[in-house]
Each structure stands twice: as structure tokens, then as C-alpha cells.
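Report on one structure; see the data block that follows.
Readers should treat all values here as calculations from the given coordinates under stated rules, not as data from a laboratory. Values in this document were obtained by computation on a predicted structure and should not be read as measured data. Note that we place each Cβ from the backbone using ideal geometry, even for glycine, and neighbour counts take in every protein chain shown.
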Amino acid sequence: MKIAIIGTGYVGLVSGACFAESGHDVSCMDVDENKINDLTSGIISIYEPELKNLVVKNLKEQKLKFTTSMKEAVQNAQLIFICVGTPPKENGSADLRYVLSVADEIGKYLSEGSVIVIKSTVPAGTDKTVRDQILRVTKKSFFIASNPEFLGEGTAVHDFMNPHRTIIGIDDEEPKFLLRELYSDFPGELLFMTIESAMMAKYASNAFLATKISFINEIANLCECVGANIDDVARGMSLDPRIGKHFLKAGIGYGGSCFPKDVRALYQIASEHEHDFHLLKSVIEVNNNQRIKFFGKIKKELGDLNGKNICILGLSFKPNTDDIRESIGIDLAQKFSNAGAEVVVYDPRAMNNAKKVLLGVEFADSLNEAIQKTDAIVIATDWAEFRAIDSALLKEALEKPIIFDGRNLLNYKDLIRVGYKYFAIGR
Ligand SMILES: NC(=O)c1ccc[n+]([C@@H]2O[C@H](COP(=O)([O-])OP(=O)(O)OC[C@H]3O[C@@H](n4cnc5c(N)ncnc54)[C@H](O)[C@@H]3O)[C@@H](O)[C@H]2O)c1
């Protein structure tokens, strides 16, 4: 099948590489010339496990191509996937300008009977705007579908290749066979529904996961008040299959390019329909407060932050990615630096991205360098590599910095036994 992918970011590149791997002829288009030049030479600017191998292999086999030309990508494609960003506007609603500018361009080049599949996360009704926009520039017949993406950064290739379910929103019968065929190689249930339902299913899924995180964080806060331990409480909950073990890890809250924006967008969609979504408002508030509380905890313990040495571990919004969008580590590093602290930061993968946005901090070359001569160690992302610091702290003659574990990552009992002060979330 001939497939065009418009927007070659996290979702577009992974989708393109995975469709090529499953035997299709894929053309990935992006307006970012540098990105396309790099990709054409097999250079991938984002860190995502397994992705580079897949891209290089399929480039070599000529199943995957990269271009800045909309015409080249779209003119013979049977399926055209829109994968551009939908960042939040000031009021929280999804900014559809990239989706709509793609719609303008696609219309000029699409071929008769092609299917335009919106993979970007967008509110119900966007399909109608996209259709109107395309109809302004073409008389050819085409179909519109929604195919929201559920991959998670850090496990994106695996998630894409092994979906739990694939959702297709489509109102026409005719093109269903193409989408059925496309996803026939992928496991998981294929669900057809209306476009509105598909678009809502994406927002509802992210909002539910964010709710789970805020819920367990509130339980952790309460654990601190009553002297309970969130690790035991969460484990006790998670063995109930009605609850499950995922997204029950207490911490300093969710970040990233999806949860914060999608939860706010859904809240905004509700408001536009005069529905006050109380629950989501609280989810957002709890999430924002979680890092404020943590900052306060550190401040209370260290006293005046001016001149204090603080090491922040973790700048990506979660482990196994270099994505720093809405990263709590970046936010905390900036807050400590603004408060006059001497901040040293370290992340296994996100240093280059962090250097573009973080001002007035020192970037360490290694974990070991970062944790030397510091008053406090703050863990902001649960990279597996950071688990090793408990043995380093136990072995090396460091001056026992106070440890603030924002992700409940460390094996804290041994640290406390040898005299470290250790603070976490609900432990
Ligand atoms: N990142 C994720 O984990 C994830 C997961 C599921 C869904 N989503 C959704 O998928 C969409 C894309 O997210 P992303 O993280 O891949 O975004 P991204 O910012 O990584 O990539 C978007 C790409 O689109 C390109 N672009 C912008 N305007 C364009 C245009 N007119 N023509 C061609 N290309 C253009 C940009 O240059 C960029 O490379 C969003 O709606 C997001 O909410 C993201």
C-alpha cells in the first residue's frame, strides 16, 4: 500500500517506520528541512529505543522515504496520515493550526478515492473542518478517518507494533477494507466506530490515566499524614484486577507532550459544551500541586536556598526518552536556580535538549560527577540508571547530601540505615 505520513515527529516517524517494516511503501513528509535531510541520511534527532535500526533498515530497502514536498508524498498515496502537533492554546484547547495548514496543502495533490487519516490528537468535529478545508481546493472524492495513536514515548516502536487495540473512526463503509488490510499484520483488536467516538476515546484514555496518577498521588499525600507507606498501599490495591498495577506509582506528577495538554483540552471541550468537568479540574490541580509541595518540602529542609548546591537528576519527562516537553525536572531546576541555588543537572539522554532551554545551571557529564559535593540530590525522572546511586552513596565517602526522591525510585531503607536523610512521596 502507498502511504503518506505528514509530520515526521515522534508519532509520524514511528508510524512511518513501522508501516514500512510491515511491508508498505511509505513517504514521510515534514516542513522541517534539517530534520528531513538528517533522516534521509539515517540520522534521527530524537532518542527512541529501536527506532534508528528500523529507519535505517527500511531506508536501505527503499520502503521508507523522506521528503519536504507535500506533492511527492501525497500524489499517489492511498492513505494519508496527518501526524502534526496539536499543542495547547493559552486557554488549554488544542491548537489546530498545523492540522489545518496540512489540510490546505493535501487538497492540492491528493488522488481520487484516497483516505485522509487524522492521527494527531484532536477534538471531535475537527474532521469536518479538515474536510471543508480540503473541499476548497479539490473536486476529487476522498474519505476522512480518525486513527488516534496510543504509543508511549520510550516504548514507542514496541507499542506501535503491539497495540492493545487499534481504533478507527470512520463514517464510510467503502474505505474500511484499506484500513483493515493495513492493520491486519498488527495484533490487538481493531475497533471501528464513528469519528467523534474515536477522537473522544483518545482524550478519554489519556484523561483516565492522568486521573489514576493524580489519584495515587493524593493517596500518597494522605499516607504521609497517617503514617502509611504508599508502596504497600499501591501494591495492596494493584493486585485487584479491577484496579490493575499500571499508573499507580506515586511521584511528583505527570509531564510530557500529551497528558498535560490532552487533559486540559478535554476540560476545555467540556467547558465549550457548558459541562463543568469537576473531576478533570481536580486532576489538573493535584498534578500542579504535586511539584509545588515537593519544592516546598525541599525548601523546608534546606532552609534558605541561596547558595545551596542542588543536583537534579532527570530532565526528560519520563525515562527512555529525550523529550523534555512539560518536564518537571526542567521546571524544578529552573525554580531552584531562580531561588539562588547552585544547580547541577544530569540526564542520560536529554542533556542536549535541556541545554537549549535551561539557563544558569551546570550540566554534569555523568551521574557520578553530578552527585559530588552537593547539599541535596533531587530525583525528578525515574531512569533505571539512577537506581545505582544508592550503592554509590553507600560506598563512596560523600558528605551525605539529603535525598529527595520525587519518583520513589531508591531502595531507601539502606540509605536511612547509614545515616542519609531521605524524603520521597508517601513513603
Ligand atoms: N508524542 C507522543 O507520545 C504522542 C502519542 C500519541 C499521540 N500523540 C499526538 O500526535 C500528534 C503529534 O505529536 P508528536 O509528539 O509526534 O509531535 P512532534 O512535535 O514530535 O512532531 C510534529 C511534526 O510535525 C511537523 N509539522 C508541523 N507542521 C507541519 C506541516 N504543515 N506539514 C508537515 N509537517 C509539519 C513538525 O515539523 C514536527 O516534525 C499530536 O497531536 C500528539 O498529541 C503524540
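Sequence-distant contacts, meaning Cα pairs under 8 Å at least 6 residues apart, place the relative contact order of the stretch 304-410 at 31 percent. Of the Cα atoms belonging to the stretch 107-209, the radius of gyration and Dmax stand at 14.2, 42 Å. For the stretch 2-192, with the dipole built from +1 on Lys and Arg beta-carbon atoms and -1 on Asp and Glu ones, taken about the Cα centre, which of Ser45, Phe66, Ala156 lies farthest toward the positive end? After comparing all options, I get Phe66.
Highest mean first, how do 403-413, 31-41 rank when packing is the count of other Cβ atoms within 10 Å averaged over residues?
Numbers: 403-413: 20.8, 31-41: 14.5.
Listed from highest to lowest mean packing, they are 403-413, 31-41.
Considering only Asp375, Asp262, Asp30, the mean-square fluctuation computed in a Gaussian network model of the chain, springs between alpha carbons under 10 angstrom, is largest for Asp375. Pick from Pro401, Pro175, Pro187 the residue whose mean-square fluctuation is largest in a GNM of the chain, springs joining Cα atoms under 10 Å. Comparing Pro401, Pro175, Pro187 in a Gaussian network model of the chain, the most mobile one is Pro187.
Per residue, how big is the convex hull of the stretch 291-423 when only Cα atoms are used? Give it in Å³.
Taking only Cα atoms, the stretch 291-423 has a hull volume of 92 Å³ per residue.
Comparing Arg97, Arg349, Arg242 in a Gaussian network model of the chain where C-alpha atoms under 10 Å apart are linked, the largest mean-square fluctuation is found at Arg242.
What ranking, highest mean first, results for peptides 205-218, 358-371 when packing means the other Cβ atoms within 10 Å averaged over each residue? Before the final figure, lay out each step's value.
Working: 205-218: 19.8, 358-371: 16.0.
Descending mean neighbour count gives 205-218, 358-371.
Legend: Rg and Dmax of the stretch 16-115, from Cα coordinates, 14.6, 45 Å. Express the relative contact order of the stretch 1-76 as a whole percentage, based on alpha carbon pairs under 8 Å and six or more residues apart in sequence. Relative contact order of the stretch 1-76: 37 percent. Of the peptides 333-345, 5-17, the order by per-residue mean of other Cβ atoms within 10 Å, starting with the highest, comes out as 5-17, 333-345. Within the shell of other residues whose beta carbon sits under 12 angstrom from the beta carbon of Leu394, the net charge comes to +1, with Lys and Arg scored +1 and Asp and Glu -1.
Relative contact order of the chain: what whole-number percent is it, with Cα pairs under 8 angstrom and at least 6 residues apart? Working shown, then result.
Working: 842 pairs, mean separation 50.0, N = 427.
Value for the chain: 12 percent.
Principal axis extents of the C-alpha atoms in the chain (largest first, rounded to whole Å): 73, 48, 38. If you take all other residues with their beta carbon under 10 Å from the beta carbon of Asn147, and give Lys and Arg +1 and Asp and Glu -1, the sum is +1. Restricting the calculation to alpha carbons of the stretch 2-192 gives Rg and Dmax of 15.5, 45 angstrom.
Distance from the C-alpha centroid of the stretch 252-296 to that of the stretch 73-87: 30 Å, rounded to the whole angstrom.
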